[in-house]
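So the structure is just underneath, and the comments pick up after that.
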Amino acid sequence: MKRIQLEQNAYLNILPAEKFNRCRITVQLRYEASREKATACALLPFLMERGYADCPDPTALSCRLAQLYGATLSADATASGACRSLTVSVDGIQQRFALHEECLAEEYARLALGTVFRPAFKEGMFDAGEIEIEKKKLAEELAGEINDKRLYCLRQARRKFFGKHPAGIERIGYLDEVEGLTAQKVTEAWHWMVENSHVEVFCSGLDEEQAAELVRKELQAVKRNPAPLPEMDAMPVQEPCEYLETMDMVQAKLCLLFTVADFDPVTELSAMRVAMAVLGGSPTSRLFVNVREKQSLCYYCSASFNSYGGMMCIDSGIEPENAKTAQQAILNEWNWLKENLPTEQEMEDARRFILNSLAAVGDSISAQENWYIGQLWRNSTESPQEVHQQLLEVTPQQVQEMMKKFHFSVAYLLTKEELADENNH
């Protein structure tokens, strides 16, 4: 990846696209999470997928994408610790496959940049009618969270884990605030986001000088005064807290969250990746083999690490009557790795699993882009090839040290009501 600074806190990232038949332009605004503006900011991706100044309604935008050989446009909001981002991507075929060799990549860039920096305003604001339409969609998404019990349990546990910390601000806002969103509030949120954001533009298949010129032109037309992004930090160590929620369900959900201490996301991430694969991130992990297969205590049980929030998550689907036993069995595997070194076979299996996933990064433009987006959040530009070598050098001792860095913080059990008293510990 080639990284070019265009102005203060605005960068152009050029990714290779020679082996692909498509190209892709992504514009990402990164900013510090705001509780006050969370719900209004969450509505912006919905509005941006409807059109922008040059294509001011869904019909005009659809026609333009169709003219560009069926290009696609997507907008999304993401969370990384106490930071948030708005991401708009346009993806389509490369110029050499066009009937008349049109400059497609340039048009994709204009679409993506225009969507972010030149919304379809009416009298200086987002259209009130369109806001009402998209408010209903956002409200449905927020209200529907409870329908996916696994996701609901994970989010409930996360809310207890982060509390009022900025990292806990909801990525897609708050249901009770949706109805109160107005054109003025959403427009003010857009201006605030653009002014305070750090800008990262990723280009695959577009000439860098041409891309730089297009981005600079859009940046010069908006007011920007980027605020510093908060440092990645972990939650303080606390005494473990256990929570129980009941509802009508068959399979119970159990989520355990751990905070990390003294972790460097740049120098120690490869060791942490291997440690997660050994514990519960792969089909050969200790949680899968021992808790699921040998003890038959769960339907699934996996471990993952969020380096942006310094959090390890272990979530599982279990029989309600097995909740206590399953939780203890999971903690036993974590404690075992704190006291013992993983075997060479466990290390080999874990590395093979991660390296296979790493090798797939170069198989698509979006995977390649997502890799570097994640790297930049951690202030790194290491390529998959560089990380590949680091993974080969991770030792069993490093895996053990990673496990020792964690402190158990939150257990959240979602189960059926008749077993609540039995599981309430």
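The values are calculated or read from the model by the stated rules, or taken from the named source; none is laboratory data. Quantities reported herein were computed from a predicted structural model and do not represent experimental measurements. Don't worry about glycine lacking a Cβ; one is built from the backbone with ideal geometry, like all the others, and counts go over all protein chains shown.
Arg30 - would you say it is within 18 Å of Gly92 (Cα to Cα) and in contact with a Leu (Cβ under 9 Å, 6 or more places away or on another chain)?
Answer is no for this residue.
Looking only at region 315-330, how many residues end up being in a helix (DSSP H, G or I) and charged (D, E, K, R)?
2
Does region 89-104 contain any residue that is more than 21 Å from Asn225 (Cα to Cα), among the basic types (Lys, Arg) and surrounded by fewer than 22 Cβ atoms within 10 Å (Cβ to Cβ)?
yes
Which residue pairs have Cβ atoms closer than 8 Å, lie 6 or more positions apart in sequence or on different chains, and pair a first residue in region 166-185 that is in the same structural domain as Ala143 (by TED's automatic domain parsing) with a second residue that is surrounded by fewer than 16 Cβ atoms within 10 Å (Cβ to Cβ) and part of a loop (DSSP other than H, G, I, E, B)?
As it stands, the answer is Pro166/Arg35; Pro166/Pro230; Ile169/Arg35, since those pairs meet every condition given.
Being surrounded by 18 or more Cβ atoms within 10 Å (Cβ to Cβ) and either assigned to a loop (DSSP other than H, G, I, E, B) or assigned by TED's automatic domain parsing to the domain that holds Cys83 (or both) is the filter here; which residues of region 333-381 pass it?
Once the filter is applied, which keeps residues that are surrounded by 18 or more Cβ atoms within 10 Å (Cβ to Cβ) and either assigned to a loop (DSSP other than H, G, I, E, B) or assigned by TED's automatic domain parsing to the domain that holds Cys83 (or both), region 333-381 yields only Pro342.
Might you let me know whether region 191-200 holds any residue that is in contact (Cβ under 8 Å) with a residue 60 or more places away in the chain, surrounded by fewer than 16 Cβ atoms within 10 Å (Cβ to Cβ) and assigned by TED's automatic domain parsing to the domain that holds Ala143?
Looking through region 191-200, none of the residues is in contact (Cβ under 8 Å) with a residue 60 or more places away in the chain, surrounded by fewer than 16 Cβ atoms within 10 Å (Cβ to Cβ) and assigned by TED's automatic domain parsing to the domain that holds Ala143.
With the condition being farther than 28 Å from Glu32 by Cβ, I'd like the strands (runs of 3 or more DSSP E) fully within region 185-289 carrying at least 2 qualifying residues.
241-246, 252-260
From Leu6, Leu12, Leu29, Leu61, grab the single residue that is within 25 Å of Gln184 (Cβ to Cβ) and assigned to a strand (DSSP E or B).
Residue meeting the stated conditions: Leu29.
Quick check on this structure: which one of Ser74, Ser62 is out of contact with any Leu (no Cβ under 8 Å at 6 or more places or on another chain) and touching a residue at least 24 places away in the same chain (Cβ under 8 Å)?
The match here is Ser74.
Regarding region 236-244, can at least one residue be identified that is crowded, with 23+ Cβ neighbours inside 10 Å, at pLDDT below 95 and of a type outside the set (S, T, N, Q)?
No, that holds for no residue.
Residue by residue, here is whether (1) closer than 27 Å to Thr381 by Cα; (2) touching a Lys or Arg at 6+ places or on another chain (Cβ under 8 Å); (3) not hydrophobic (A, V, I, L, M, F, W, C) holds:
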residue: Pro16; (1), (2), (3): yes, no, yes
residue: Cys23; (1), (2), (3): yes, no, no
residue: Ser62; (1), (2), (3): no, no, yes
residue: Ala66; (1), (2), (3): no, no, no
residue: Ala75; (1), (2), (3): yes, no, no
residue: Glu101; (1), (2), (3): no, no, yes
residue: Glu107; (1), (2), (3): no, no, yes
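Here is a list: Leu229, Leu214, Leu297. Which entry is more than 30 Å from Val116 (Cα to Cα) and of a type in the set (A, V, I, L, M)?
Result of the check over Leu229, Leu214, Leu297: Leu297.
For region 290-314, how many residues are within 20 Å of Ala79 (Cβ to Cβ), among the small types (Gly, Ala, Ser) and assigned to a loop (DSSP other than H, G, I, E, B)?
Total meeting the criteria: 3.
Among the residues of region 158-175, is there at least one that is surrounded by fewer than 19 Cβ atoms within 10 Å (Cβ to Cβ), of a type in the set (Phe, Trp, Tyr) and in contact with a Leu (Cβ under 9 Å, 6 or more places away or on another chain)?
Yes, region 158-175 has at least one match.
Restricting attention to region 350-362, does a residue exist that is touching a residue at least 60 places away in the same chain (Cβ under 8 Å), of a type outside the set (Lys, Arg) and in contact with a Pro (Cβ under 6 Å, 6 or more places away or on another chain)?
The answer is no; no qualifying residue exists.
How many of the residues making up region 102-114 are under 23 Å from Asn196 (Cβ atoms) and touching an Asp or Glu at 6+ places or on another chain (Cβ under 8 Å)?
2
For residues that are closer than 15 Å to Ala303 by Cα and among the β-branched types (Val, Ile, Thr), tally how many sit in region 319-373.
So the count comes out to 2.
What pairs come up if the first residue lies in region 230-241 and is more than 20 Å from Asn196 (Cβ to Cβ), the second is assigned to a loop (DSSP other than H, G, I, E, B) and modelled with pLDDT of 90 or more, and their beta carbons are under 6 Å apart, counting only those six or more places apart or on different chains?
Close Cβ pairs satisfying both conditions: Ala234/Gly310.
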